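These notes are about the structure you will find just below.
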Amino acid sequence: MEKCRFSVAIKVLEPFISKWMFYELKNLLEILPHECIYLFNVKRECEISTLSKFFGYVTGESILTSEILKQYDKVIVLDPRAEEILTPLDFSGKILLVVGGIMGSHPPSGRTFKELTSRLPVGEARNIGAGQYTIDGAVYVAKEVSSGKNLGDIPFIDGLTVRGEGFEVFLPYRYPLRNGEPFISEEEKRYILEELEEDEYLLISKGKEPSIC
């Protein structure tokens with residue numbers, strides 16, 4: 001049996017890999033084997049080095065001109081603005097799913113369409129509903145659809161509150177539920193509760209980016 005039911009290409013659309021994005025990307029390994037995941041447009045050599053410890057393909061090149069596109073029977077871009085929804089029928093043949101590596105603004109600003117869908121030379125666009133998913137959440141939904149589920153059969157919650165000691169942080173995104181629990185890594189929740197505030201302070205006060213290197 002082929003190990004990759006489908007493959008995923010993440011085109012990073014941020015100027016650097018933040019710690020928050022890093023934990024979302026690492027959580028993809030809960031969904032797919034590392035060799036089924038491609039990371040494109042990673043801008044810094046130190047980021048490429050760090051991510052290469054986890055993923056089989058990491059590059060600073062853009063997917064827009066990659067020869068990898070030619071290796072697949074069908075290329076599908078996950079885009080909230082797409083008119084057609086993702087269905088199990090989309091996963092016939094050798095499939096490459098393209099996802100924008102975006103740390104979403106709220107409300108969403110349509111960056112996937114502007115920076116990816118409208119520029120990709122091949123492929124079809126699909127949406128997975130009206131909510132704004134995280135990177136790993138979107139891929140989790142796609143995995144469930146690839147297994148034969150329709151979008152309406154995949155449970156989710158809109159908005160997630162993570163709680164620390166005496167405080168809480170609200171995340172205004174859509175999270176699929178796996179075994180009744182929001183699909184988010186414990187590393188990401190720990191970062192949000194224990195490090196995010198300090199990183200935001202350093203960014204505002206000293207211009208220090210919360211990057212992974």
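By the helix-only formula, in which each DSSP H run with n ≥ 4 contributes -39500 (n - 2.57) and the sum is divided by residues, the chain has a 222 nm mean residue ellipticity of -6500 deg cm²/dmol.
Close amide H pairs (under 5 Å, H built 1.01 Å from N) link V77 with V98, E124, A125, R126, residues at least 5 positions away or on another chain. Counting neighbouring Cβ atoms within 10 Å and putting the fewest first, the residues T117, T87, T112, T59 line up as T87, T59, T117, T112. Counting beta carbons within 10 Å around each of L193, L177, L116 and listing the fewest first gives the order L177, L193, L116.
Close amide H contacts of L160 (hydrogens built in the peptide plane, cut-off under 5 Å, sequence separation of 5 or more or a different chain): L171, Y173.
Computed about its Cα centre, the charge dipole of the chain is approximately 560 debye, with only Lys, Arg, Asp and Glu carrying charge at their Cβ.
Neighbours of K206 by Cβ distance under 14 Å: Lys/Arg scored +1, Asp/Glu scored -1, total -3. Over all other residues within a Cβ to Cβ distance under 12 Å of I76, the charged ones net out to -2, with Lys and Arg as +1 and Asp and Glu as -1. Here each label is just a point 7 Å from Cα along the line to Cβ, and for E67 and R5 those points are 3.1 nm apart.
Each Cα pair under 8 Å and six or more residues apart adds its sequence gap; the mean of these over the residue count of the chain is a relative contact order of 23 percent.
Read the figures in this text as sums done on the coordinates, not as results from a lab. Model, not experiment: these values are computed from the prediction. As a convention, Cβ positions derive from the backbone with ideal geometry for all residues, glycine included, and neighbour counts pool all protein chains shown.
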